[in-house]
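The values are calculated or read from the model by the stated rules, or taken from the named source; none is laboratory data. Being a predicted model, the structure only gives us computed values, none of them experimental. As a convention, Cβ positions derive from the backbone with ideal geometry for all residues, glycine included, and neighbour counts pool all protein chains shown. For accessibility, only protein heavy atoms count, side chains too; no ligands or nucleic acids. Shrake-Rupley method; radii C 1.70, N 1.55, O 1.52, S 1.80 Å.
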Protein chains: 2
Amino acid sequence: MTPPLPPESLTQRLADSGLRATPQREVVYSVLLRKRDHPTAEEVFARVKAELPTISLATVYNCLETLVQCELVRAVNFERSPTRYCPNLRPHAHFHDEQTGRTYDIDLPPAVLAEVNHVLPAGFDASSVEITFRGQARPAS
Amino acid sequence: MTPPLPPESLTQRLADSGLRATPQREVVYSVLLRKRDHPTAEEVFARVKAELPTISLATVYNCLETLVQCELVRAVNFERSPTRYCPNLRPHAHFHDEQTGRTYDIDLPPAVLAEVNHVLPAGFDASSVEITFRGQARPAS
DNA sequence: CTTGGAATTGGAATTATTCCAAAGAGCGAA
DNA sequence: TTCGCTCTTTGGAATAATTCCAATTCCAAG
């Protein structure tokens, strides 16, 4: 369970990879942190434009890709729909509501993660695992 | 979450959905059964053409979609790469080898499946769950 | 036979994303 | 400060997978 990261880590994380903190990257990241509803690149683009009206969609794709590389953001794919982006770094699964299309984060206890990893036969060395539910949600919160 | 199914005839399954067994559907299905390497639609197209040289790619997409609807085949998505098709109906996860791009089926014991489903809080009703590993494989077989 | 719905076909359209070449920005060295 | 270098951004073109569509073709029932 990775703890939430302090805000200054964007610059730090980028620097660690030899990259610069630019206004575009900062705003893209802050937009993801501000509303954690798993937006698509187009949705991020729309939100970022409020602050940086001249940003281009290509740059949004670039920034998102950069954030994923730096492991500050996870890219979430559900079937063939557009990639969604998620700044939640704790181990979690995703639940995709078939009616609303909304995506929910589901925390994954380490014990379950461990058990899931045990299904791998010898010779399979996993660097990551993705668990995605699909169904109907009526979340309490 | 599909329970294991007895081997059932394509014709029967199609009929259950009010659909017809056509040569195209039969060959597409038999191609999937013959070589279970998770082919893409294009790969299926190439294989089917050996038997039905005039089939169109659109028809291959149609047939695959039909087979998925009838629950004879599973569509497997890995990130944004082309959808792959898999006639294995037992509950299983997928392991995606990062070097070779190959996909392996990993059997999922019911107990693990049950534990994974337990991570869902009240209000989340899953109709299916997808587990995908990514890493390096050196399979014994 | 005829006829209506199902299925197939080829090509155009769509969509998400990536590619590309040119312009811009920031930083360290001289 | 002024270069010069590299990293970034940008808009538009290109790509890739899939879907859409309109025109046949195929069957199976009446």
Rounded to the angstrom and largest first, Cα extents along the principal axes for chain B equal 48, 38, 28
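Quantify, in whole percent, the carbon and sulfur part of the accessible surface of the protein assembly as shown (1.4 Å probe; protein heavy atoms only). If you can, show how the numbers build up before the last one.
Numbers: 7910 of 15220 Å².
Its accessible area is 52 percent carbon and sulfur atoms.
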If I ignore ligands, DNA and RNA and count only protein heavy atoms, how much of B:TYR61 is accessible to a 1.4 Å probe, in Å² to the nearest 10?
110
Only Cα pairs under 8 Å and at least 6 apart count here; give the relative contact order of the range A:1-91 as a rounded whole percent.
33
For the range B:1-97, size of Cβ-based charge dipole, Lys and Arg +1, Asp and Glu -1, in debye:
100
First measure r as the distance between the Cβ atoms of A:ALA111 and A:GLU79, then evaluate 1/(1 + (r/R0)^6) with R0 = 25 Å and state the FRET efficiency to the nearest 0.05.
0.30
Using only the alpha-carbon atoms of the range B:10-86, report the extent along each of the three principal axes, biggest first, to the nearest angstrom.
33, 26, 21
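If you stretched the chain out fully between B:LEU57 and B:GLU26, how much longer would it get, using 0.36 nm times the residue separation minus the C-alpha to C-alpha distance?
Roughly 9.6 nm would be gained on extension.
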Space enclosed by the convex hull of the alpha-carbon atoms of the range B:92-135, per residue, Å³
77
Please give the FRET efficiency for B:LEU19 paired with A:LEU19, using the beta carbon to beta carbon distance and R0 = 51 Å, rounded to the nearest 0.05.
0.45
Please list 3J(HN,Hα) in residue order for the range B:116-132, calculated via the Karplus relation 6.51 cos²θ - 1.76 cosθ + 1.60 where θ = phi - 60°; whole Hz, with x for glycine and proline.
4, 5, 6, 6, 6, x, 4, x, 10, 10, 8, 9, 7, 9, 10, 10, 10
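I'd like the interface area for chains A and B: accessible area of each alone minus the complex, both sides summed, 1.4 Å probe, protein heavy atoms only. What is it in Å² to the nearest 100? Please report the intermediate quantities before stating the final value.
Values: alone 9220 and 8980 Å², together 15220 Å².
Chains A and B together bury approximately 3000 Å².
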Spelling out what I want: for every residue of the range A:104-112, take phi, set θ = phi - 60°, compute 6.51 cos²θ - 1.76 cosθ + 1.60 (Karplus), and round to whole Hz; glycine and proline get x.
10, 7, 10, 4, 10, x, x, 5, 5
Compute the acute angle (0 to 90°) between the alpha-carbon long axis of helix A:23-34 and the principal axis of greatest extent of the alpha-carbon atoms of chain A; round to the nearest 10°.
40
Comparing A:LEU14, A:LEU113, A:LEU33, which has the greatest mean-square fluctuation in the GNM of chain A with Cα pairs linked when under 10 Å apart?
A:LEU113
Express in Å², to the nearest 10, the accessible area of A:LYS35 obtained by rolling a 1.4 Å probe over the protein heavy atoms while all chains stay in place.
110
5 angstrom amide H check on B:HIS92, placed H, neighbours 5+ away:
B:LEU108
SASA check, A:HIS96, accessible area w/ 1.4 Å probe, all protein chains in place, rounded to nearest 10 Å², comes out at 30
Among A:ALA114, A:GLN24, A:ALA126, whose Cα sits farthest toward the positive end of the charge dipole of chain A (+1 at Cβ of Lys/Arg, -1 at Cβ of Asp/Glu, about the Cα centre)?
A:GLN24
Part-to-part distance (alpha-carbon centres) for the range A:47-87 and the range A:91-123, which is given in Å
22
The answer for the net charge of residues other than B:SER128 whose Cβ lies under 12 angstrom from its Cβ, with Lys and Arg +1 and Asp and Glu -1, is -3
GNM result for chain B, Cα springs below 10 Å: residue of B:ARG20, B:ARG47, B:ARG84 fluctuating most strongly
B:ARG20
Relative contact order for the range B:40-130, counting Cα pairs under 8 Å that sit 6 or more residues apart, in percent:
17
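Quote the FRET efficiency, to the nearest 0.05, computed for A:ARG34 versus A:ARG138 with a Förster distance R0 of 35 Å and r equal to the Cβ-Cβ distance.
For A:ARG34 and A:ARG138, the calculated efficiency is 0.85.
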Residue-averaged 222 nm ellipticity for chain B, from DSSP H runs of 4+ at -39500 (n - 2.57), nearest 500
-10000 deg cm²/dmol
Considering protein heavy atoms only and a 1.4 Å probe radius, which residues within the range B:66-112 exhibit an accessible-area decrease of no less than 30 Å² in the full assembly relative to the chain by itself?
B:ASN77, B:GLU79, B:ARG80, B:PHE95, B:ILE106, B:VAL112
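What translational D, rounded to a whole number of µm²/s, comes out for the protein assembly as shown from Stokes-Einstein when the hydrodynamic radius is the Kirkwood one over Cα pairs, at 10 °C and 1.306 mPa s?
76
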Amide H neighbours of A:ARG102 under 5 Å, counting only residues 5+ apart in sequence or on other chains, H built in-plane at 1.01 Å?
A:ASP97
